[in-house]
Structure formats: structure tokens, C-alpha cells
Amino acid sequence: MSDGYNAYVFIGDELKSSQFKDTVHQVCMSHAKNKFVKASNQGGEQRAERFSDILKEFFMSERKYDDDGLTPEERFRERQSLETKELLIELRGLLDSELSKDSGFRSRYYTEALDYLNRFWKEIFAYLKDGEFPIDNNLAERTIRKLTTGRNNSLHYGSDVGAEIATT
């Protein structure tokens, strides 16, 4: 299928432009970790704490790499360490074990956290493939927060006159 300018391909069940076929898709690990924190705090799921703790270890490693002033090449090598691989294996084993259990006894927050981690596993850990990739997108989100807040506030001017006054 083509629109005359870009060719499109199906990736999974999504239609995407082939111009971006070599793009690395990342998902923010902070969002995954926060879902497990919520499952623990609001959902009362004690098992969610282990997921949160393991994900926190990835962040602690990144903080150490920052403190040590590692180059992207050095950071990549550290990300490929046995310690990192052991954490990944433990996390995947824990995830698979939890997903194999009856979901009827989970809080909705825990189910959401497990599903999110499982669905975006590859994209969450894409940062391990390149020393320049960030572990999360918190910096970008903080940077655009003022813009999105302003955009959202502009939805509530109430009239064209109110919008004109706000723009001036």
C-alpha cells in the first residue's frame, strides 16, 4: 500500500511507514517500574515489589555508569555484563511465572503492570543494545511538560474571545 510518497508495512498488527522500518522503538522503563509500584502500594500486591526492586537495580546501574562518567562504548559493555543478564533472566522468569497463574486473584493494577512488561519487553530493554540510548524518557517528558500543560489549559478558554485574550 502506498500514498505516493511513503510505502507502508505491517509490523505486528500495526501499519507503519517503511521509512521508519530500521527505527529502534523504546518504551520508558520508568513507566513499567511505576506500574509495579502502584500495584504494590494501591493494589496491595506484595509480589509486585520484587518486580519493582529488580527494575530499580537497572536504574541503579545506570546511575553508577553516570557517576563513573562512562563513554557510550563503556556503558554498552557494562550493559552486556553477566550481572545485567542475570537480572534479565530473573525478571523474565518471574514474569512468565506470574503470567502462568490464574489472573482472577490479581489486582487490576498488578495485571496491568504484568501485561505492560510482557507486551513491551523488547522495547523496554532496547536501551541495552546501545550505550547512547537512555533507560527512560524522563528528561524529554520534563522538557515538554510546560508545552503540554499549556496546550491542555488552552482547551478550557470557554470562548473564542477567551482564547484571543490568552494568546495576546
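The values are calculated or read from the model by the stated rules, or taken from the named source; none is laboratory data. The shown structure was predicted, so the numbers you read here are calculated from the model rather than taken from an experiment. Here Cβ is always computed from backbone atoms with ideal geometry, including for glycine, and neighbour counts include all displayed protein chains. Just the protein is used for accessible areas: all its heavy atoms, side chains included, with ligands, DNA and RNA removed. Shrake-Rupley method; radii C 1.70, N 1.55, O 1.52, S 1.80 Å.
Is it true that some residue in segment 101-109 is within 17 Å of Asp130 (Cα to Cα), open to solvent by less than 70 Å² (accessible area, probe 1.4 Å), modelled with pLDDT of 95 or more and in a helix (DSSP H, G or I)? No, that holds for no residue.
Taken together, Leu95, Leu114 contain a single residue that is farther than 22 Å from Met60 by Cβ, among the aliphatic types (A, V, I, L, M) and in a helix (DSSP H, G or I), which is Leu114. Only residues that are surrounded by 15 or more Cβ atoms within 10 Å (Cβ to Cβ) and β-branched (Val, Ile, Thr) were counted in segment 74-89, giving 1.
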